[in-house]
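Every number in this text was worked out from the coordinates using simple rules, so none of it is lab data. In this text the structure is predicted, and so the values were computed from the model without any measurement. With ideal geometry, Cβ positions are generated from the backbone for all residues, glycine too; neighbour counts draw on all protein chains shown.
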Amino acid sequence: MTALDMSVRIGSLVMPNPLMAASGCFGYGLEYEDVVDLSTLGGVVSKGLFLAERQGHKPERIAETPSGMLNAIGLQGIGVHRFISEKLPLLRERKARTIVNICGTTLDEYVEVARILSDAEGVDALEINISCPNIKEGGIQFGCSLDGTFSVVSAIRKVTTLPVIPKLTPNVTSPASFARAAEDAGADAISLVNTFLAMAIDVEQRKPKLSNVVGGLSGPAIRPIAVRMVWECRQEVKIPIVGMGGIMDHRDVLEFMIAGANAVQVGTANFVDPFIWAKLLDGLTDYMQRHQITRLADLVGALDTTSPAKAHA
Amino acid sequence: MTALDMSVRIGSLVMPNPLMAASGCFGYGLEYEDVVDLSTLGGVVSKGLFLAERQGHKPERIAETPSGMLNAIGLQGIGVHRFISEKLPLLRERKARTIVNICGTTLDEYVEVARILSDAEGVDALEINISCPNIKEGGIQFGCSLDGTFSVVSAIRKVTTLPVIPKLTPNVTSPASFARAAEDAGADAISLVNTFLAMAIDVEQRKPKLSNVVGGLSGPAIRPIAVRMVWECRQEVKIPIVGMGGIMDHRDVLEFMIAGANAVQVGTANFVDPFIWAKLLDGLTDYMQRHQITRLADLVGALDTTSPAKAHA
Amino acid sequence: MPPVDVRATVISNVRLSRDYNVLTIAAPEVGALTEPGQFVMLKTTDASDPMLRRPFSVFEVLRDDLGTVRAISILNKRAGRTTGLIYGLEAGDPVWCLGPLGLPFNPPSSGAAWMVAGGVGLAPFATLAEALVALQVPTTLFYGARTADELYYLEFFDRLGVTLVLTTEDGGAGVQGRVTGPLEESLKGLGGPNLVTIYACGPEPMLAAVARLAERYGQPSEVSMERTMGCGLGGCYSCVVPVKHADGETRYVRSCIGGPVFDGATVVWE
Amino acid sequence: MPPVDVRATVISNVRLSRDYNVLTIAAPEVGALTEPGQFVMLKTTDASDPMLRRPFSVFEVLRDDLGTVRAISILNKRAGRTTGLIYGLEAGDPVWCLGPLGLPFNPPSSGAAWMVAGGVGLAPFATLAEALVALQVPTTLFYGARTADELYYLEFFDRLGVTLVLTTEDGGAGVQGRVTGPLEESLKGLGGPNLVTIYACGPEPMLAAVARLAERYGQPSEVSMERTMGCGLGGCYSCVVPVKHADGETRYVRSCIGGPVFDGATVVWE
Ligand SMILES: Cc1cc2nc3c(=O)[nH]c(=O)nc-3n(C[C@H](O)[C@H](O)[C@H](O)COP(=O)(O)OP(=O)(O)OC[C@H]3O[C@@H](n4cnc5c(N)ncnc54)[C@H](O)[C@@H]3O)c2cc1C
Ligand SMILES: Cc1cc2nc3c(=O)[nH]c(=O)nc-3n(C[C@H](O)[C@H](O)[C@H](O)COP(=O)(O)OP(=O)(O)OC[C@H]3O[C@@H](n4cnc5c(N)ncnc54)[C@H](O)[C@@H]3O)c2cc1C
Ligand SMILES: Cc1cc2nc3c(=O)[nH]c(=O)nc-3n(C[C@H](O)[C@H](O)[C@H](O)COP(=O)(O)O)c2cc1C
Ligand SMILES: Cc1cc2nc3c(=O)[nH]c(=O)nc-3n(C[C@H](O)[C@H](O)[C@H](O)COP(=O)(O)O)c2cc1C
Ligand code: FES
Ligand code: FES
């Protein structure tokens, strides 16, 4: 059997496989070094970072919902400087491809954080979080406006040669139009989806389950919507798409890729099973062998819409 | 114990309880007369009706997803004339409060269908479906534009004295702005949410699971998003809100009401358990007794956001 | 009769092969009402993943010595999630069972009955055979499977006095090939039209072939159609079959309430 | 040591009352690595509803006659969905068990050990008591519950030589009232600071009271905090506890990796 090629390229970032750990779901990566060899992942996306340290929201910060979970962590984080001094050297040692998820409350903060990270050694790409639904100042005002998206991405584009990957919100009428704005602004790829703005109520106490009242819905519940958005964006832009939302096994990875994603991120599933990574790789390998596919990239956008799948084949 | 009052009023429509069968999930009501006394429901919302008969999409029309399902039925239906002659008399006999879900491909068709139904005997309210994600001509062009929503609702308002309840789509950035447009146009209430545009792929066959490629996601998966939208709309409008999306038990009914819904609809859950109605009523009764609530309406919008619920009380 | 919903307990689960099993559940309320060809909607969990019920023919209605219905059984074939879960059930596990649902087979309009089963399509024929035998209708079962191992319950039908015509794709038992082969041979041998009523259940290409053969040889046929079903009660419109109506128009009919048994001559095969 | 994930089989499930049960599962790989105070993340289904695992202290590490670890047990109290499912498990059912996780209790820094348990907060103390007894540390268990029926495993601790001080809210056994009552009495009787190490597990108000008492009487304390946990490995930041740091600042610390055991003097009680 010929060697199986699962590689993905996003600008200067070359990954051996399309499996990335999603931001906010994998700490700073190092938390997981005991359970998975970080170098075997396509990439590790850090928790969202502002310029300064942040404490985040009070508990309760998560709540489980049917096939999903709400979170309103509020971007607790160590800030970009401590990240560079404390985490980056260790991530380099472990040969992790490190994508930093960056946040800002102002355009200037985004640019500043991007600039600082571009000067640091060991950052492989920047994911621009303009889509966190949980904090008012978390860039969502950029992510929900086409002009805002365009201006953040083009401002960051000017100060870095790193791959720039804006992460889009699903909480808009047409994510594809945001994909277009991002591509026009010079993005190397787009990530989607961030979480869906949602809430849950404890009816006995008549209070919200989250201290922040609303939070972001992730997990398999959202997968069918996320896949649809990836598919729509695939028709709209040419740049790579990093798809995510509820991936729980290798079939879900393939679903996103066939819909049009070049790479994927796994978030919530990692909580359920931190040993998922090897299983995903095995599943992809098996699929490629069974279907005699040597380049996984050939599957990207390969959906055949001429007829539906046979239900009872 | 004092008598428990669960009644809800929407214009001239008075319902003994807030539990309505959601459109498209209960046939024309009569399919269920063997399993539930239709007069015990708050109301029965008919399957979406155009002026003429429609065949709908080819199978596959549904696909299951985690805690949810996709549907692209394509509004198969008997048309408004056959509905009036074949179904309405029987619904009247069974003392069902009948809300007709109406569709149109043009503004004129909506108005025409509304006018015809207003002249028929036994229609208690009109639910205006401007949010079906499954057919291109299904009014979603009205439901995704504030002007479109305003003009459909005000045009129908002019030709009927029946309660007018536009049904909003969740596939927009701000459902609350559509709620406002509907209220401004003279709606008596709003229904939300219709299904989320979504898709699923059979990765072995690399084909969509639905013949229509995309479909609408319903079921408990969407509930946290739907509750959030009801809560946002409650801040925006004064008219009654009919909330729905993934209600599976009486706690979910209460969740929607506490978020701001005056009544609710149950769709997908009815497929899982057609005997759900008595269980919902029992659950509400028990809750009211335990919490010493005599008027269920007092719970509407009663969410206390000053602090989150205690997780481990 | 209105259907009932029972939280039934698994009495036994006999695995016939790596894919097939017979699940017996204590749902006498359902069994007592069931007519041959009707189905139930099953669910193995009250959680929401998996969420929807799945349709299954009632395979056996099991009675005690006094004739009182005690249980029903399901002939299950693993195809996906719920059928996989059903395969794995153990005695004592709960199963949610809604039924009976759908239109049953009609009594034969002619002197003899031929049942045609492909694979798990055997399921509705155990109860139908009993009913036909009780009516003293001479009954034949044409039964095809991939291999000899996958031909089940032969003794059951034999004991009832049903004539068995078996086929396997690999020739391991009976005639090699598809079940429609011997069926056509037998049809050829008939003296004229309307002599046998043909009942068929199995994969759709088989049903289409059987219905066409029946038409060609002038015999009435009833086919039990398999469709993805969301509700089983006519609520969702997921399960439609295109049916030619008396006015010449083809319309989609919900197979859960307008079927699953259809007049083979009216189905529009795709 | 890195945690492991085991699809373990239920060996037994002993229901102690309408709400409490002891679940024994064949997860020797986890048990062999566990230190007192560590926890596991459990799940009873591989479906996605319910989806997330839930944290449980390892109650017992069970060995065979040769001392080889064969199983672990969990003292479970029904509080919601997963704890309800765990209560209902039967022998043979699967449980997904990830662990051991978190920081264990530290050995006592003083001559004696006092364990303070409220309700299901007893869970981490079976293994801790064994370790303390092995270290020949004089050990007392202050144990409070609502009623006498809900005081479990007294014989187990008795047999180990642990001194028992019991309280019940209704006075049905031991001292009537909260467990902090006799604890304070005993603290008053101590000759000076740093004579006992206090270990506490139970509802947060109890932990806060114990930590304050320990501080007032100059004794070190370790508290095991209960938080909603999404992952158990530091990935999600759901489980934070506000902790006063050496620099005087209060920061949120993830209790799954920076706890669940904390120095009682550093926790900022809300
Ligand atoms: C009236 C009736 C009676 C029946 N009686 C029996 C019986 O007695 N015994 C029996 O074993 N079966 C019977 N069936 C078939 C049975 O209902 C199906 O096999 C079952 O629903 C499959 O459910 P599942 O959850 O196991 O599979 P699923 O996970 O739902 O999928 C089954 C297979 O179909 C594919 N699939 C499912 N949905 C789609 C889709 N939308 N698009 C593409 N592929 C899809 C899956 O990939 C998989 O291969 C009957 C069906 C009907 C309608
Ligand atoms: C380190 C550690 C060790 C533990 N050890 C044990 C042990 O040994 N034995 C034991 O029985 N328990 C133990 N627990 C507690 C146990 O983890 C919880 O009881 C369990 O997670 C509850 O899960 P559930 O699915 O049953 O309940 P859920 O359905 O998740 O809910 C539990 C209760 O809390 C409420 N609730 C849940 N989330 C929220 C929220 N966000 N807002 C408001 N209310 C909420 C629910 O309404 C319900 O009353 C431990 C916890 C920790 C952190
Ligand atoms: C607990 C939690 C924290 C998250 N934090 C971030 C974050 O800091 N930055 C970000 O861009 N996305 C964040 N996300 C969103 C995820 O990266 C991902 O987009 C989303 O969860 C959907 O993927 P999933 O369903 O696989 O989890 C977070 C998600 C969760 C569940
Ligand atoms: C099979 C199916 C058919 C539907 N048909 C209609 C329809 O004709 N008109 C309409 O307004 N909504 C229709 N809906 C949407 C439901 O009325 C409801 O808004 C949605 O399913 C969310 O509620 P649920 O999660 O309780 O099902 C349909 C939903 C399903 C699942
Ligand atoms: S299965 Fe729902 S209408 Fe037939
Ligand atoms: S439980 Fe996820 S960080 Fe602690």
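The table for this structure:
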{"read-out": "Prolate/oblate/rounded label for segment B:20-143 (Cα gyration tensor, a/c 1.5)", "value": "oblate"}
{"read-out": "Label point distance in nm, D:S186-A:D5, each placed 7 Å from Cα along Cα→Cβ", "value": "7.0 nm"}
{"read-out": "Euclidean distance of C-alpha centroids, segment C:82-112 and segment D:49-98, integer Å", "value": "36 Å"}
{"read-out": "Candidates per GluC sites (Glu not before Pro) in segment D:102-188, loop by DSSP, up to 15 other Cβ within 10 Å", "value": "D:E169"}
{"read-out": "Estimated [θ] at 222 nm from DSSP helical runs (n ≥ 4, -39500 (n - 2.57)) normalised by residues in the protein assembly as shown, nearest 500", "value": "-7000 deg cm²/dmol"}
{"read-out": "Cα→Cβ-extended label distance, 7 Å offset, between D:R216 and D:S12, nm", "value": "4.3 nm"}
{"read-out": "Pseudo-label separations to other copies for D:E35 - Cα-to-Cβ vector, 7 Å, nm", "value": "7.2"}
{"read-out": "Tensor-based shape of the protein assembly as shown (alpha-carbon gyration tensor, a/c under 1.5 rounded, otherwise prolate or oblate)", "value": "prolate"}
{"read-out": "Shielding score for A:27-33, defined as the mean number of other chain Cβ atoms within 10 Å", "value": "4"}
{"read-out": "Inter-site label distance for B:A311 and C:D65 at 7 Å from Cα along Cβ, in nm", "value": "6.0 nm"}
{"read-out": "Residue pairs, from the table A:K279/C:K43; A:K58/A:K167; B:K167/B:K238, whose Cα atoms sit over 21 Å apart", "value": "A:K279/C:K43; A:K58/A:K167"}
{"read-out": "Segment D:1-65: trypsin sites (Lys or Arg not before Pro) in DSSP loop, at most 14 other beta carbons within 10 Å", "value": "D:R18"}
{"read-out": "Residue among C:P242, C:P36, C:P100 with the largest mean-square fluctuation in a Gaussian network model of chain C, springs linking Cα atoms under 10 Å", "value": "C:P242"}
{"read-out": "DSSP-defined beta bridges in the protein assembly as shown - what % are antiparallel, rounded to 5", "value": "55 percent"}
{"read-out": "Dipole magnitude of chain B about its Cα centre (Cβ charges: Lys, Arg +1; Asp, Glu -1), debye to nearest 20", "value": "320 debye"}
{"read-out": "Other-copy label distances relative to D:K188, 7 angstrom Cα-Cβ extension, nm", "value": "10.6"}
{"read-out": "Residue of D:A246, D:A209, D:A131 that the Gaussian network model of chain D assigns the largest fluctuation, springs spanning Cα pairs under 10 Å", "value": "D:A246"}
{"read-out": "Inverse mean reciprocal Cα-Cα distance (Kirkwood Rh) of segment D:4-101, Å", "value": "13.2 Å"}
{"read-out": "Using a Förster distance of 41 Å, the FRET efficiency for D:E35-B:D286 (Cβ separation, nearest 0.05)", "value": "0.35"}
{"read-out": "Rounded, prolate or oblate (a/c below 1.5 giving rounded, otherwise prolate when a/b exceeds b/c) for segment D:98-193 by Cα gyration tensor", "value": "oblate"}
{"read-out": "Rotational relation D to C, axis-closest Cβ in chain D, residue and distance rounded to whole Å", "value": "D:D49, 2"}
{"read-out": "Segment D:198-270 versus segment A:42-97: alpha-carbon centroid distance in Å", "value": "21 Å"}
{"read-out": "Cut-off under 5 Å, modelled amide H: who pairs with D:V165 long-range", "value": "D:L141, D:F142, D:Y143"}
{"read-out": "Ascending list, in nanometres, of distances separating the A:Q289 label from those of the other copies (7 Å, Cα toward Cβ)", "value": "6.1"}
{"read-out": "Long-range HN-HN contacts of A:E60 with modeled amide H, under 5 Å", "value": "A:S211"}
{"read-out": "Most mobile of C:D170, C:D158, C:D247 in a GNM of chain C (Cα contacts under 10 Å)", "value": "C:D247"}
{"read-out": "Chain A - share of DSSP beta bridges that are antiparallel (%, nearest 5)", "value": "40 percent"}
